[in-house]
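Below is one structure, written out as structure tokens, with a few remarks after it.
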Amino acid sequence: ADNHDIISLKLYQLTVERTPEEEKRDREVFLPVVDNLKLPGMEAPLEPMSGLALFLIVFFSLVAIVFAIVIGIIVYNKWQEQSRKHFY
């Protein structure tokens, strides 16, 4: 069994002679309306970050990168020390 998604529907209505009163009634009944529908890509734009927030993000990112490099160097030196051949 496969799962299938319905992507679109094409519906056709036969042309029928109607009075203006019937047209108004049918338009009120069959007009689809969705008040709470959020379309993708229609979100409100985000507010730009303040200068302080941007500074803190950049600062802590740089601190984390330096910390990771220092930890990497320490681990590499320990690995080199362990893998060195000992002749004694």
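The values are calculated or read from the model by the stated rules, or taken from the named source; none is laboratory data. Quick caveat, the model's predicted, so the values are computed rather than measured. Every residue, glycine as well, gets a Cβ built from its backbone with ideal geometry; the counts of neighbours run over all protein chains shown. SASA here: full protein model, heavy atoms, side chains in, ligands and nucleic acids out. Shrake-Rupley method; radii C 1.70, N 1.55, O 1.52, S 1.80 Å.
What FRET efficiency comes out for the pair Ala64/Arg84, r = Cβ-Cβ distance, R0 = 35 Å, nearest 0.05?
It comes to 0.70.
I'd like the accessible area for Leu62, computed on protein heavy atoms only with a 1.4 Å probe and all protein chains in place. Round to 10 Å², please.
Approximately 100 Å² for this residue.
So, taking all protein chains as they sit and a 1.4 Å probe, how much accessible area belongs to Lys24, in Å² rounded to tens?
Near enough 130 Å² of accessible area.
Whole-Hz Karplus ³J(HN,Hα) for segment 6-22, in order, using 6.51 cos²θ - 1.76 cosθ + 1.60 and θ = phi - 60°, x for Gly and Pro?
Per residue, the Karplus-derived 3J(HN,Hα) values read 7, 8, 8, 10, 10, 10, 10, 10, 5, 6, 10, 6, 9, 7, x, 5, 5 Hz.
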